[in-house]
Each structure stands twice: as C-alpha cells, then as structure tokens.
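Just so you know, all these numbers are worked out from the coordinates, no wet-lab data involved. This one's a predicted model, so the numbers in the text were calculated from it and none came from an experiment. A quick note on method: Cβ atoms are made from the backbone with ideal geometry, for glycine too, and the neighbour counts reach across all protein chains shown.
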Amino acid sequence: MNASAKTVRLLAIVAAIGVFAVSAGGPPATAQEDLDGRVRKFLDANRGQWRDLNVPAVDGQTLYDIIIRNKYTRALEIGTSTGHSGIWIAWALSKTGGRLITIDIDERRHRQALANFEATGLSKFIDARLGNAHEIVPALTGPFDFVFSDADKDWYKNYLIAVLPKLEIGGCYATHNVSAGRRQRAGEDDYLDYLRGLPNLETTIDTRGAGMAISYKRST
Ligand SMILES: C[S@@+](CC[C@H](N)C(=O)[O-])C[C@H]1O[C@@H](n2cnc3c(N)ncnc32)[C@H](O)[C@@H]1O
C-alpha cells in the first residue's frame, strides 16, 4: 500500500470511530459536565422542597453568580442548615478551583447537609463543621474572598467584626435576610446601619429573593 492509500485508510478508521462515538451517545462527558449534571438534577428534584430555613433558589443562584464572576476560591458560610446555599456556593467553587468552609450548630441539619453534599458529588469542595459559630468563626485564620452569613441574626455584627479583617480586598461579604425596603427587627436595622457605615465596604441590597446585603471590600 502506498503512502496516500495508507492516509486514506487511516482517515476512514478515524471517521468510523467518530461515527461510533456519536451513535453511542456522543463524546464522553468531562468530569465537570458530569458534576454539573448531577448538581442540576439534585437541585431540580429538590426545588421548593427545602424546609430548614434554607435560602430560596434565586438567592442560591445569586451566590453562585457572584463567585463565578469574581473567580473567588476561598469561601466561608456561617449557617449551613441542610446545605441548599452550600450546594450553590460549592458548585461555583468546583469551577473556580475553590473550597468552602461551612458551619452549623444543629447536628441533624449538619448530617443532612453532609448527605446532600455527597448526593451532589460536591463533598470534596466542602469542609462542613458542626459546632457553635460564635467560637469557630473568630478562630478561623482565613483569608477569605467570599463569605455568606446566614446563621443567628442577632450575632451578624459579631461575625462581621470577626471576619472582615480576614476578607481580602475585592472580596465579597453577603448577609442573608437583610432588606432595606421593609421594616426590620430592631437588631437587623442596627446591622444594616453598621454595614453601611463602614467606609471600606460598598454595600447594595439584592431584593430578588429573601433580601441580601452584598458588600464588597474596597480597602483595608
Ligand atoms: C437560615 S439557616 C441557614 C440556611 C442555609 N444557609 C441554607 O440556605 O441552606 C440558619 C442556620 O444557622 C444555624 N445556627 C444558628 N445559630 C448558630 C450558631 N451559633 N452556630 C452555628 N450555626 C448556627 C441554625 O442551626 C440554622 O441551621
């Protein structure tokens, strides 16, 4: 067989392999595509079913978008519950090459969150801790570039004071259930005033879901 006949034969084999691959369901999915499919399926199956004070899906999507847009990699969540927001955050981190520390004091919720993280395939991106965030948070060394505060509201200010020095410039501190439009409980009003009074934070309120203060750190 001469060189050109060999080339034609080789091309025919390559084409045949391609046809086989397509007829067998297309090219194999990447690990990220597999993970995306698994997470989407889990979130779709559980949409509207979260019963443990979890964020609405629209807020989960917002957290995901912020992380992807800013390529954040070092995330902290205060208040895991059963893991709805944690799944959105860790899903984004699976794409940026990041990792999440998340904390909850309630053992049942913590265990359910672990099971949910496992079901989505996101466990390897999450360090889920069971304990009192009042003690765990100040002891964390950081640094962080993304923080989601969603535990006990009357401790919001203390969490912020503990974490802000460990938040990188350009980082984001998101606080759930904060809304400028409607009347807050007394402590929540104080928190929002405090947040807005900090000169190194630029804060906006996202009202599409349950109300979320989104603060970017602009200087030390
Ligand atoms: C609003 S829920 C969090 C929802 C969660 N981010 C989600 O969307 O799935 C608040 C959680 O904070 C936890 N929590 C309250 N006080 C805490 C504390 N001192 N330390 C750690 N977790 C606490 C509660 O057990 C509860 O699960």
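Points to keep in mind about this one:
- Proximal charge balance of residue 75 [Cβ under 11 Å; K/R count +1, D/E count -1]: -1
- Set of aspartates and glutamates near residue 157 by C-alpha distance (under 13 Å), chain-local residues within fewer than 8 positions excluded: 188, 189, 190, 193
- Ordering 155, 76, 115 by the projection of their Cα atoms onto the charge dipole of the range 47-217, which places +1 on the Cβ of Lys and Arg and -1 on the Cβ of Asp and Glu, puts 115 at the extreme positive end.
- Only the Cβ atoms of Lys and Arg (+1) and of Asp and Glu (-1) were treated as charged; on that basis the dipole of the range 67-132 about its Cα centre amounts to roughly 300 debye.
- Sequence-separation-based contact order of the range 115-220, relative, with Cα cut under 8 Å and 6+ spacing, percent: 25 percent
- Straightening the chain between residue 136 and residue 61 buys 24.3 nm, computed as 0.36 nm per residue apart minus the Cα-Cα spacing.
- Candidate lysines - alpha carbon under 17 Å from residue 71, same-chain residues fewer than 8 apart omitted: 95, 217
- Label-to-label distance for residue 71 and residue 111 is 4.2 nm, based on points extended 7 Å past Cα in the beta-carbon direction.
- Between residue 202 and residue 123, residue separation times 0.36 nm minus the direct Cα-Cα distance comes to 25.2 nm.
- With neighbour counts taken as other beta-carbon atoms within 10 Å, the residues 77, 135, 202 rank, fewest first, as 135, 202, 77.
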